[in-house]
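In what follows, a structure is listed as C-alpha cells, so that the remarks can point back to it.
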Amino acid sequence: MTFPVAIGRFTVVFFIILFLSACSQKSALHHAANKGDIETVHSLVAEGMPIDAKDGLGSTPLNLAARSGHLEIARFLIEKGASVQTRDQTGNTILHTAVQMAHPEVAKLLIENGASVDVAESIWKRTPLHFVAQLGPPEVASALIQKGANVNARDSLGDTPLHYAALSNQLEIAHILLKQGADPQVPAQDPFTRTPGVTPVMLAKKRAMKDLFKQFGATR
C-alpha cells in the first residue's frame, strides 16, 4: 500500500468514525428536527427534552433544522428558547449552516432573532456574508448588512465578501456591497508567497461586473 493510498483510507475511516459518533449522540429531538417531523418536535419539547443538546459534531436540533431548511421547526425551537448562537465543531454557527445550505428564509429568521452576523468559522475564517456573497441571495446580504455585518471582513487569505461576489458574478450582491462601502481594490493574500494578491476588481470577468466597478471608480 502506497503512502497516499494509506492516508486516503485513513481519512475515509476517520470521517466514518466521526459520522457514527455524531449519530450515536443524536437525541430523538435531533432526529425529529432533521426529518422535519414537527409533531414529534412539539411533543419532545413539551416533555422537557434538552433543546440545545449537541450531537457528536456539535450540532443542536436547531442546527439540524436549519441545515434541512425546516423553517417552522426552526421558528418553534427559537420560540421555545433554543440558542441561535451555538457553534459546531468546525466553528460554524447555525447562521453559517443556513446560508451554506441555501435556506434564505431560515437565515433571515435567525438574523431577526439575534444571530451574530460577524462570527467567522474556524477553518477559513469566513463570515456568513462571505458565503452569501458567493451563493446569494441578495436579500440575505442586505439583512446581514442591516444588522451590522462588516462588508470588508477578511477571511484567512484576506478575501472580502466582495472578492467572493466578483468571482461568482453575483452582480446584485456586489452592488449592495459597494454601496455599503466595500473596498473594490483591497488585495487578498497570495496563499503561496504571502504577498498581496488579487483585488475584487481584478476578479471581474463579465462585462456587467466590470462596468459596475467602474461606476464606483475602481480601476485595476
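The values are calculated or read from the model by the stated rules, or taken from the named source; none is laboratory data. Keep in mind that this is a model prediction, so the values were computed, not measured. Reconstructed Cβ throughout: ideal geometry from the backbone, glycine too, with neighbour counts over all protein chains shown. Areas reflect the complete protein model, heavy atoms only, side chains present, ligands, DNA and RNA absent. Shrake-Rupley method; radii C 1.70, N 1.55, O 1.52, S 1.80 Å.
What is the dipole size for the range 84-220, taken about its Cα centre, with +1 at each Lys and Arg Cβ and -1 at each Asp and Glu Cβ, in debye to the nearest 20?
Using only the charged Cβ atoms, the result is roughly 480 debye.
List the aspartates and glutamates whose Cα sits under 19 Å from the Cα of K205, skipping any in the same chain fewer than 8 residues away.
Qualifying aspartates and glutamates at Cα under 19 Å: D159, E172, D183.
Of the peptides 63-75, 79-91, how do they stack up when ordered by the mean number of other Cβ atoms within 10 Å, highest first?
63-75, 79-91
Taking the convex hull of the Cα atoms, report for the chain its projected area averaged over all directions, in nm².
14.1 nm²
Past 23 Å, Cα to Cα, is the threshold; run K26/K125; K125/K147; K54/K80; K35/K108; K108/K206; K179/K214 against it and keep the listed order.
Over 23 Å Cα-Cα: K26/K125; K108/K206.
What is the packing order of peptides 177-190, 112-125, taking the mean over residues of other C-beta atoms within 10 Å and listing the highest first?
177-190, 112-125
If you count only protein heavy atoms with a 1.4 Å probe, what accessible area per residue comes out for the range 49-127, rounded to a whole Å²?
The answer is 40 Å² per residue.
Tell me the carbon and sulfur percent of the accessible area for the range 70-126, rounded to whole percent, probe radius 1.4 Å.
So the carbon and sulfur contribution to the accessible surface is 50 percent.
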